[in-house]
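Down below is the structure, laid out as structure tokens.
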Amino acid sequence: MTAQQEIVTYLSDIAQKSRAGEIEWKRANPTTFIWESAGNQLAGAPKTAVTLQKAIGVSGTPEYQLTVSEIINLAIRKTILTLSTSEKPFVRQPLNDLFHSVEASFDIQAAGILKKLLK
């Protein structure tokens with residue numbers, strides 16, 4: 001499996017877990033979501049923040065960017081990975097799927113809240 005195929009596979013896994021509600025995203029604004037991961041403290045892994053953004057490109061098509069940052073402290077974040085559809089076209093579909101999966105997870109939460117109101 002190539003590195004590009006691995007990236008696509010991992011993005012697909014994150015999308016599936018997001019849709020299932022296993023990953024807790026926060027909505028920063030209508031086109032930006034943030035997922036903060038505590039990291040594996042036993043393995044010494046730092047806390048990370050994953051930012052997923054959607055923007056409309058100059059051609060009118062959606063562009064996506066996923067950024068992973070280590071959270072050093074409240075004021076310092078160090079970017080360790082950026083995947084952008086403008087630089088890596090092979091991530092366009094996986095990031096599109098991820099964005100829509102995150103949006104769907106918010107819709108599922110909203111439906112659950114409305115259902116509880118009716119009980």
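Quick note: the coordinates plus some simple rules give every number you see, no bench work behind them. In this text the structure is predicted, and so the values were computed from the model without any measurement. Cβ sites come from the backbone with ideal geometry, for glycine too, and all protein chains shown count toward neighbours.
Straight-distance candidates among the lysines for linking to K88, with alpha-carbon spacing under 16 Å and chain neighbours fewer than 8 residues away dropped: K54. Since only N96, T9, A38 are under comparison, the one whose Cα sits farthest along the positive direction of the charge dipole of the range 3-117, derived from C-beta charges on Lys, Arg, Asp and Glu, is A38. Using C-alpha pairs below 8 Å separated by at least 6 residues, the relative contact order for the range 3-117 is 23 percent. Positive end of the dipole of the chain (Cβ unit charges, origin at the Cα centre): among V68, S105, I80, the Cα lying farthest that way belongs to S105.
Scalar couplings 3J(HN,Hα) for the range 6-21, obtained by applying the Karplus form with A = 6.51, B = -1.76, C = 1.60 to θ = phi - 60°, are 5, 4, 4, 5, 5, 5, 5, 4, 5, 4, 4, 5, 5, 4, 7, x Hz; x denotes Gly and Pro.
Under a GNM of the chain (C-alpha, springs under 10 Å), which listed residue has the highest mean-square fluctuation: R92, R27, R77? Most flexible of the set in this elastic network: R77. Residues within the reach of a label modelled at K88 (point 7 angstrom out along Cα to beta-carbon, backbone nitrogen below 15 Å), restricted to the range 1-31, are 2-15. Counted without the sites themselves, the longest stretch of the chain free of GluC sites (Glu not before Pro) in a DSSP loop having at most 12 other beta carbon atoms within 10 Å is 25-86.
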